[in-house]
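Novice: What follows is a structure written as structure tokens; I'll ask about it next.
Laboratory data are not the source of any read-out in this text; all were calculated from the coordinates shown. Keep in mind that what you see is a predicted model, and the values were worked out from it rather than measured. Positions of Cβ are backbone-derived with ideal geometry, glycine not excepted, and every protein chain shown enters the neighbour counts.
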Amino acid sequence: MSAWSEKVVQLLRRMNSFCSAGSSRDRCFRFEVGGAQVGWVPPHVAPVLARYPDVFLPPQGAVVSLCPRLDTPKTRSEAVDGVLQDLRQQDGFTCLRGWRDERYSVMPQFSDVPLMWMERAATSLFGVKRYGVHVNGYTLGDGGVVNMWLARRAVTKQTYPGLLDNVAAGGLAAEVGIRHTLVKECLEEACIPAAIAARARAVSTVSYTYDDEEGVFPESQFVFDLELPGDFRPTVGDGEVQEFYLLPIDQVKELLATDDFKPNSAMVVLDFLIRHSFIDPDTEPCYQQFVAGLHQTL
């Protein structure tokens, strides 16, 4: 195994840590809403939730659930939000310092009707699955030579400041469509006009689950490829990016094995390299590990 391959395997293991032996999974409580599992409550969070008996039932059989009286999306959302606002004031969970006033839908599967919504910054406390949209922006030169646009995140970003990222990406907020999010993020982050962004092709999803001191992070990214005109240059829009680079695909590949890349964005680029045959199963011994690591679901 080459040093590059080993680095990429390590990245995938880290981003799928919740699925590996020794993770917190065996000690987590299933989070159920309306009888359906929608997440995983970490062992250090469950006792805190027990302080709010009007909202959460005492853990039963490794399950944390809401009180039966909370039987509509509205009542559930409002009751849980009240708890989260209180916990935010207590400053006991560092993840709540990144409060965004952005609602995420809570449901067992993406296609299901949401059972409630939850503040984005709090989702890791309940292991609620988060969805997002990532765009691979690239150009085709003479002879089909591929170059990729990468963004350098602003140093003021709450998460992964200063690291390399896809040309545009963003979380999928409650009641907002995938295509709408794509066009919005392209315009806001990279000043890519809607007419160009609309050409993006839905090509894949990248799914993984990791855990750390802030909780459990099951995530799935809807991946799009967007061929940009050769004379078009993304420009900084809303300040979430400090700079854009157009790089040869070989250089992009090498960057994946560094600490300079936002981890889930590196996975999205790895998926691009595999789908476009820049990584070949005849020459890459870890090919199957790569593919499996990009599509892990609980």
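Novice: For a quick check: with amide H placed at 1.01 Å from N, whose amide H comes under 5 Å from Val64's, ignoring anything fewer than 5 positions away on the same chain?
Specialist: Under 5 Å from the amide H of Val64: Arg30, Phe31, Glu32.
Novice: Need the full-extension length gain, Lys74 to Asp101, defined as separation in residues times 0.36 nm minus the C-alpha distance. One decimal, nm.
Specialist: Answer, rounded to one decimal: 8.1 nm.
Novice: Starting from the 7 Å offset along Cα-to-Cβ, what nm value, one decimal, do you get for the label separation of Ser23 and His295?
Specialist: Between Ser23 and His295, the label points sit 1.8 nm apart.
Novice: In addition: Among Glu254, Glu119, Glu214, Glu175, which comes first, then next, by fewest other beta-carbon atoms within 10 Å?
Specialist: Glu175, Glu254, Glu214, Glu119
Novice: Gln37 to Arg201: FRET efficiency via 1/(1 + (r/R0)^6), r the Cβ-Cβ distance, R0 35 Å, to the nearest 0.05?
Specialist: 0.60
Novice: Pulled fully out, how much extra length does the chain show between Thr139 and Ile178, if you take 0.36 nm times their separation in residues and subtract their Cα-Cα distance?
Specialist: So the chain would gain 11.7 nm between Thr139 and Ile178.
Novice: When the Cα centres of the range 128-190 and the range 202-233 are compared, how far apart do they sit, in Å?
Specialist: 8 Å
Novice: State, as an integer percentage, the relative contact order of the range 83-210 based on alpha-carbon contacts under 8 Å between residues 6 or more apart.
Specialist: 17 percent
Novice: Also, I was wondering about something else. Taking R0 as 22 Å, what FRET efficiency do you get between Ala62 and Asp112 from their Cβ-Cβ distance, rounded to the nearest 0.05?
Specialist: It comes to 0.45.
Novice: Note down the nm distance, to one decimal, between modelled labels 7 Å out along Cα→Cβ at Arg233 and at Gln10.
Specialist: It works out to 3.6 nm between the two label points.
Novice: Shifting gears a bit: Along the principal axes of its C-alpha atoms, what lengths does the range 140-255 span, in descending order and rounded to whole Å?
Specialist: Extents along the principal axes, in whole Å: 47, 33, 27.
Novice: With contacts defined as alpha carbon pairs under 8 Å and 6 or more residues apart, what's the relative contact order of the range 23-124 in percent?
Specialist: Relative contact order of the range 23-124: 21 percent.
Novice: Continuing with this model, one more query. How many Lys pairs in the chain lie less than 23 angstrom apart by Cα atoms, where the lysines are 8 or more positions apart or on different chains?
Specialist: 10
Novice: Here's another thing I want to ask about it. Among 236-247, 197-208, how do they line up from the highest to the lowest mean number of other beta-carbon atoms within 10 Å?
Specialist: Listed from highest to lowest mean packing, they are 197-208, 236-247.
Novice: How far is it, in nm, from the label point at Phe278 to the one at Lys157 when both lie 7 Å from their Cα along the line to the Cβ?
Specialist: In this crude spin-label approximation the distance works out to 1.8 nm.
Novice: Report the relative contact order of the chain, percent, no decimals, based on alpha-carbon pairs under 8 angstrom and at least 6 residues apart.
Specialist: 21 percent
Novice: What fraction of the Cα pairs in the range 23-124, stated in percent, has a spacing above 22 angstrom?
Specialist: 24 percent
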